[in-house]
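Read through the structure below, which is laid out as structure tokens, and then see the notes.
The values are calculated or read from the model by the stated rules, or taken from the named source; none is laboratory data. Since we're looking at a predicted model, the values are computed, not measured. Heads up, the Cβs are rebuilt from the backbone with ideal geometry, glycines too, and the neighbour counts pull from every protein chain shown.
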Amino acid sequence: MRIANDPDDIHAIRVAAASAELVIGGDIVVAGTKKVLGTIKSGQTDMVVNLAEFLPGDFTRNINFTLPTERLKRAIEGAAGAEKSYFIDATRIAGALLGNSVSANIFLVGYAFQVGALPVTAAAIEHAIELNGEAVEMNKMAFRLGRYAAADRAAVERLAAPKEVDEARRLSQSLDEIIARRVTFLTGYQNAAYAARYRALVEKVKAAEAARAPGKQGLAEAVARYLFKLMAYKDEYEVARLYAGEDFARQVRATFGGDDLRLEFHLAPPLLAHPDGRTGAPEKMSFGPWMMTVFRFLAKLKGLRGTAFDPFGHTQERRSERALIADYEALLAEIVERLTPENHSLAVGLAVIPDKIRGYGHIKARSLQIAKADEAVLLAQFRSGTPVLLKAAE
């Protein structure tokens with residue numbers, strides 16, 4: 001955007017290299033690109049950047065993808081200067097205080113105005129919001145909250161702090177809590193018997209670790225986490241259960257506000273999706289709000305999971321997921337039988353192998369091959385008593 005007193009004073013649309021006076025970054029990944037950083041002049045360009053992390057498409061192709069937020073912050077500060085770089089999680093604050101994270105961009109405009117980076121008046125900006133006519137009161141409040149955050153960050157953070165912790169997002173504080181929470185989840189996922197199967201195996205490993213490797217820790221917790229991961233594989237019934245649950249509806253309302261939202265789902269149903277002509281992967285299809293009715297119905301059929309009457313259970317992916325549970329149970333039986341203080345670290349390494357199995361469909365198939373190869377190496381060492389050779393971190 002170019003701002004001038006007269007339209008004739010604006011001679012170009014694009015911002016030339018090292019000539020931007022203000023960059024408002026709604027997405028830190030975009031704000032930290034070379035294209036954007038190339039417009040910055042150190043010590044003169046103000047950078048107001050949203051710290052919220054929006055995963056790009058790369059995360060669907062790379063199972064180990066993480067956002068380099070700290071590196072991006074250093075790059076921005078290096079280009080603009082620390083005194084000209086302002087970072088704030090506008091999405092979280094706007095969502096918490098306004099009930100709608102979409103207003104984060106106007107929040108950032110308010111922040112930029114308050115630090116003196118916008119050469120227009122507050123009245124003019126609020127009048128522009130009124131002329132736009134879209135969610136006027138919310139956007140005016142977002143603008144004012146952005147100004148308030150620039151003036152007193154601590155006060156705004158206190159206002160935005162959650163009044164109560166979302167139980168689903170709270171981290172477990174002990175092994176017993178890790179187990180108990182997963183037992184509750186698996187009961188809803190399948191049934192009490194399925195959850196009891198999980199608990200019994202974790203408790204067996206826990207007892208073996210205490211008896212056979214006294215003083216050692218980590219194995220029982222690893223099993224508690226990764227046996228659960230394998231047992232709670234996300235199939236069609238589970239996707240339906242999660243969408244049909246009240247937690248999903250509550251999160252949508254908290255993020256976007258209101259009850260009159262129109263939902264659209266992009267799915268690749270195993271019995272309906274056609275393979276992509278180039279990649280061979282199933283192509284996603286669009287489904288309207290009526291899918292919620294399908295989800296509620298499908299969620300009630302979870303009892304069919306793994307039975308001969310399961311219409312989804314005969315696919316290669318579902319058979320593989322059930323086989324992984326059985327393989328892991330067999331592996332744990334061997335670990336319990338052979339566990340010693342000397343091979344404890346190898347046992348933990350074997351127990352966390354499922355962490356390498358990520359993604360869905362063809363992506364999961366590739367990660368499974370890698371995980372199984374690593375498991376074979378560790379298992380050979382575990383059986384032979386060969387010490388682990390650790391590679392130094394680079």
Tell me which of these ASP310 doesn't satisfy, since it passes every other one: (1) surrounded by fewer than 18 Cβ atoms within 10 Å (Cβ to Cβ); (2) without any contact (Cβ under 8 Å) to a residue 12 or more places away in the chain. (1)
Please list, ordered by first then second residue, the pairs with beta carbon atoms under 9 Å, 6 or more apart or interchain, first in the range 272-297 and outside the structural domain of HIS362 (by TED's automatic domain parsing) and among the basic types (Lys, Arg), second exposed (fewer than 12 other Cβ atoms within 10 Å of the Cβ) and not in a loop (DSSP other than H, G, I, E, B). LYS284/HIS266
Test of understanding: among THR91, THR121, which residue is free of Cβ contacts under 8 Å to residues at least 40 places away in the same chain and of a type in the set (Ser, Thr, Tyr)? THR121
Taking the range 127-143, which residues are surrounded by 13 or more Cβ atoms within 10 Å (Cβ to Cβ) and of a type in the set (A, V, I, L, M)? ALA128, ILE129, ALA135, VAL136, MET138, MET141, ALA142
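Per-residue answers, yes or no, for (1) exposed (fewer than 14 other Cβ atoms within 10 Å of the Cβ); (2) under 27 Å from the mean Cα position of the chain (by Cα):
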{"position": "ILE179", "(1), (2)": "no, yes"}
{"position": "THR184", "(1), (2)": "yes, yes"}
{"position": "GLN190", "(1), (2)": "no, yes"}
{"position": "TYR198", "(1), (2)": "no, yes"}
{"position": "LYS204", "(1), (2)": "no, no"}
{"position": "GLU209", "(1), (2)": "no, no"}
{"position": "GLN217", "(1), (2)": "yes, no"}
{"position": "ALA220", "(1), (2)": "no, yes"}
Which residues, counting only those in the range 108-123, are crowded, with 17+ Cβ neighbours inside 10 Å and either of a type in the set (Gly, Ala, Ser) or in contact with a Leu (Cβ under 6 Å, 6 or more places away or on another chain) (or both)? GLY110, ALA112, ALA117
Go through ALA240, ALA220 for me and flag whichever is farther than 23 Å from LEU332 by Cβ, in contact (Cβ under 8 Å) with a residue 24 or more places away in the chain, in a helix (DSSP H, G or I) and not assigned by TED's automatic domain parsing to the domain that holds ALA135. ALA240
Suppose the filter is farther than 30 Å from ALA222 by Cα, surrounded by 11 or more Cβ atoms within 10 Å (Cβ to Cβ) and in contact with a helix residue (DSSP H, G or I) (Cβ under 6 Å, 6 or more places away or on another chain); does ARG147 pass it? yes
Count of residues meeting criterion [over 20 Å from the mean Cα position of the chain (by Cα) and modelled with pLDDT of 95 or more] in the range 85-104: 3
Being exposed (fewer than 14 other Cβ atoms within 10 Å of the Cβ) and closer than 24 Å to ASN100 by Cα is the filter here, so list the residues in the range 257-289 that pass it. GLY258, ASP259, ASP260, LEU261, ARG262, GLU264, HIS266, GLY288, PRO289
Mind checking which pairs have a first residue in the range 331-353 that is in a helix (DSSP H, G or I) and a second that is of a type in the set (Val, Ile, Thr) and buried (at least 18 other Cβ atoms within 10 Å of the Cβ), Cβ under 7 Å, 6 or more apart or different chains? LEU332/VAL205; LEU332/VAL223; VAL336/VAL205; ALA347/ILE335; LEU350/ILE335; ALA351/VAL223
